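K.L.:
Here's a structure for you.
Please treat every number below as a calculation from the coordinates, not as lab data. Given the structure is predicted, the values throughout are model-derived calculations rather than measurements. Quick reminder, even Gly has a Cβ in these numbers, built from the backbone with ideal geometry, and neighbours come from all protein chains shown.
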Amino acid sequence: MQNLPFTYASFATFLAQKKLMGARCQACGTLSLPPRAICPNCHADRMEWVEMPERGTLAAFTSIYVGQSALLAEGYDRSNPYCAGIVELENGLRVSARILGVDPRNPAGIRIGSPMILEILDRKVEGDSLPILAFRVL
Amino acid sequence: MRIAGPLSRGVALVGAGMSPFGVFRQKTNRDLFAEAYLDMGRSIDRGFDPAEIETLYVGNFSSDRFEGQGHLAPILADAVGLVPLPATRVEDACASGGAAIRQAVMAIASGMHDVVLVGGVEQMTRLTTLQVTDVLSTAGDMLYEMGSGFTFPGIFAAMATAYMHRYGMKPEHLFQVALKSHANGALNPKAQFNLSLRDWMAARAAAARQKDLPAPTWNDELDFLRDETANPTIAWPLRLFDCAPITDGAACLLLVTAGRAREFTDDPIYIIGSGQASDHALAGHADLAGLRAARLAAQSAYQMAGVAASDIRLAEVHDCFTIAEIIATEDLGFFPPGSGYRMVEDGVTNRDGPRPVNTSGGLKAKGHPVGASGIAQVVEIWEQMRGEAGERQVRGDLPLALTHNVGGTGGTCVVHIYERR
């Protein structure tokens, strides 16, 4: 695991293993998500993979009624909206994710600050499995 | 981030023009650009000799995907007779126009060029709304941001929820921005929506009657905006009338070294401040209810110009969504964080208010041909500062004005400051 390059392909490989991984700078300790090959704080290039916390809180969200074509292919549309949002992890880093366990048709009832837990989805695209980062309201 | 001092050589705007904005499926990028170029030429008081132009910078987001045409700059140069001049396309998503202006400012301030054509263009409506949604998504981070299903309206909708949560704004406050934009757009003959919301409601009712359907009735504009049929949710809390439309259009400016401005006009507008900054994808923003790139770009532009936010009399800001206009007025320092929505409600940003914002109708009503939007903002500033804005002219002197142009999910912001002496 330590030897994987700091690329999106590695990030996706971890996601397929149900792990949300970020990078930590071995020089200054700064955490980085998305993972980066170069530290955004001290610019050193000695990074290591670290697993991110599974828990966080909802920081921002939306119910999407007119979605991306990939989501329409999953069956979402105007009468069946989906929720996407920003989750703040317990270590303070934030990620974009699909938001589960809420009623997208009643967005006014979704609460910022709600506790969330990681749940990585499997989407089948032409036979291949594509992991999707999601969080569920606890 | 180091902030630059005053420009080493002054830069003046001596002409500004645009094509009508709207749906023109029969017109290509080059057709739209030529229209804007000719309109710009007509705006130059003493006229100009095209042979004096030395180079072209053009803002364009995605002619590759919207029109199937890459490498657009030489094609546009060809369309207006400027081959073999250097021609460069500048791409920073919706801030492509503002970024192109900045390239021209640097080219003139450096002493390399005296006379520079700056343009922006986007042909968008040949694709379906779904296809346009996908193309616009590419202005976000396709790996770590848009993969979670976010659309472009969705990103700004998420910012709106963070803003509402922190400051207590309600979704209906956003209606006030749309009402103002459409009131201004109704007075702009080049606007895609050159009609007020009342005109719009009447047109909807007439269309229903023509099809022998029961004509919808609404008590007033707010009643219309609350109607989920007339104003459907796109990405909660944003509804159709919170979103800038899909638009075809182009705009052009002629920038020259300040020392030669009087060759073209007795009433040039000087560009005295330029700022630009970048940021992470939305999740990485320091503040989800504001854009740090906009704050940094504004700070840079104010410092270069030697002016303060309170000196600015007029602004065209990047209202790709209604919430974006509210956040912009705070990021620019016009109003304290969390108070922008109340300022709209109180009419402070109306055309006849103390701090007019988006007198053109903004991206919302004038239209948002992505690469042209940052240039068309300057066309409005040019007309307003010179007292040529007709029915929508702001009263009184306008010595200082500002444009604010945002790209993607806040990944780019460009601010320019204009002075009339």
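K.L.:
Along the charge dipole of the protein assembly as shown, which of A:G22, B:T329, A:P115 sits closest to the positive end, that is, farthest toward it, with unit charges on the beta carbon of Lys, Arg, Asp and Glu (+1, +1, -1, -1)?
P.N.:
With unit charges placed on the Cβ atoms, the residue in question is A:P115.
K.L.:
If you don't mind, there's one more thing I want to ask. Amide H of A:R94 versus every other amide H placed in the peptide plane: which residues, excluding those fewer than 5 positions away on the same chain, fall under 5 Å?
P.N.:
Under 5 Å from the amide H of A:R94: A:L89.
K.L.:
Using only the alpha-carbon atoms, what does the protein assembly as shown span along each of its principal axes? Please give whole angstrom values in decreasing order.
P.N.:
Taking the Cα atoms of the protein assembly as shown, the three principal extents are 68, 66, 44 Å.
K.L.:
Here is a further query. Looking only at other chains, what is the average number of their beta-carbon atoms within 10 angstrom of each beta-carbon in B:153-161?
P.N.:
The per-residue average across the peptide is 6.
K.L.:
Run the simple label-point estimate for B:T128 and A:A16 please: 7 Å along Cα→C-beta, distance reported in nm.
P.N.:
3.1
K.L.:
Ordered by packing density, taken as the mean number of other Cβ atoms within 10 Å over each peptide's residues, highest first, how do B:204-211, B:309-316 rank?
P.N.:
Per-residue Cβ counts within 10 Å, averaged per peptide and sorted highest first, yield B:309-316, B:204-211.
K.L.:
Hey, how many Å between the Cα centroid of the range B:223-245 and the Cα centroid of the range B:353-394?
P.N.:
Measuring centre to centre over Cα atoms gives 23 Å.
K.L.:
Looking at the square roots a ≥ b ≥ c of the eigenvalues of the Cα gyration tensor of the range B:41-179, which shape do they give, rounded for a/c under 1.5, prolate if a/b is larger than b/c, or oblate?
P.N.:
Prolate shape, in that a/c is at least 1.5 and a/b is the bigger ratio.
K.L.:
Would the range A:8-51 count as rounded, prolate or oblate if I go by the C-alpha gyration tensor, calling it rounded below 1.5 in a/c and otherwise prolate when a/b exceeds b/c, oblate otherwise?
P.N.:
Because a/c hits 1.5 or more and a/b exceeds b/c, the range A:8-51 counts as prolate.
K.L.:
Find out how many positive minus negative residues lie around B:V135, taking Lys and Arg as positive, Asp and Glu as negative, among other residues whose Cβ is under 12 Å from that of B:V135.
P.N.:
Residues near B:V135 contribute -2 overall.
K.L.:
Can you give the relative contact order of chain A as a percent, counting alpha carbon pairs under 8 Å and 6+ residues apart?
P.N.:
20
K.L.:
How many percent of DSSP beta bridges within chain B run antiparallel, rounded to 5?
P.N.:
75
K.L.:
With the cut-off at 1.5 for a/c, could you classify the range A:55-137 from its C-alpha gyration tensor as rounded, prolate or oblate?
P.N.:
Oblate shape, in that a/c is at least 1.5 and b/c is the bigger or equal ratio.
K.L.:
Would you calculate, for chain A, the mean residue ellipticity at 222 nm contributed by helices, counting each DSSP H stretch of 4 or more residues as -39,500 (n - 2.57) and dividing by all residues, to the nearest 500?
P.N.:
-2500 deg cm²/dmol
K.L.:
Hey, what's the Kirkwood Rh for the range B:1-65 if you take every pair of different alpha carbons, in angstrom?
P.N.:
14.8
K.L.:
Is it possible to state the helix-based mean residue ellipticity at 222 nm for chain B, with each DSSP H run of 4+ residues giving -39500 (n - 2.57), the sum divided by total residues, to the nearest 500 deg cm²/dmol? What is it?
P.N.:
-10500 deg cm²/dmol
K.L.:
On C-alpha positions alone, give me the angle between the axis of helix B:29-42 and the longest principal axis of chain B, in degrees, nearest 10.
P.N.:
Value to nearest ten degrees: 60.
K.L.:
May I ask which of B:K27/B:K366; A:K19/A:K124; B:K180/B:K211; B:K27/B:K364; B:K27/B:K190 have a Cα-Cα span longer than 27 Å here?
P.N.:
Beyond 27 Å between Cα atoms: B:K180/B:K211.
K.L.:
In percent, what relative contact order does the range A:8-51 have, based on Cα pairs under 8 Å that are 6 or more apart in sequence?
P.N.:
The normalised contact order for the range A:8-51 reaches 35 percent.
K.L.:
Measuring from centroid to centroid over Cα atoms, what is the spacing of the range B:96-137 and the range B:251-269 in Å?
P.N.:
20
K.L.:
Please determine, in degrees from 0 to 90 and to the nearest 10, the orientation of helix B:152-167 with respect to the longest principal axis defined by the Cα atoms of chain B, where the helix direction is its Cα long axis.
P.N.:
The helix B:152-167 is inclined about 70 degrees to chain B.
K.L.:
Per residue of B:139-148, what is the mean number of Cβ atoms on other protein chains within 10 angstrom of that residue's Cβ?
P.N.:
6
K.L.:
According to a simple spin-label model (label point 7 Å from Cα along Cα-to-Cβ), what is the distance in nm between B:D287 and B:S339?
P.N.:
It is 1.4 nm.
K.L.:
How much length is gained on full extension from B:S110 to B:R42, taking 0.36 nm per residue of separation minus their Cα-Cα distance?
P.N.:
That works out to 21.7 nm of additional length.
K.L.:
Sticking with the crude label model, points 7 Å out along Cα→Cβ, report the distance from B:R2 to B:E172 in nm, one decimal please.
P.N.:
5.3
K.L.:
Give me the number: length gained by fully extending B:D311 to B:E52, i.e. 0.36 nm times residue separation minus the C-alpha to C-alpha distance, one decimal in nm.
P.N.:
Net length gain for the segment: 89.8 nm.
K.L.:
Another one. Could you point to the residue in B:I108, B:V370, B:A281 farthest towards the positive end of the protein assembly as shown's charge dipole, with +1 and -1 charges on the Cβ of Lys/Arg and Asp/Glu respectively?
P.N.:
Result: B:A281, furthest along the dipole toward the positive end.
K.L.:
Hey, got the Cα dimensions of the range B:241-387 along the principal axes, in Å, largest first?
P.N.:
Projected onto its principal axes, the Cα set of the range B:241-387 covers 48, 33, 32 Å.
K.L.:
Separate question: To test your reading of the geometry: what angle, between 0 and 90 degrees and rounded to tens, separates the Cα axis of helix B:322-331 from the longest principal axis of chain B?
P.N.:
Helix B:322-331 sits roughly 50 degrees off the main axis of chain B.
K.L.:
Okay, which of the range B:245-272 sit inside 16 Å, backbone N to the point 7 Å along the Cα-Cβ direction of B:E388?
P.N.:
Residues passing the 16 Å test: B:251-256, B:261-271.
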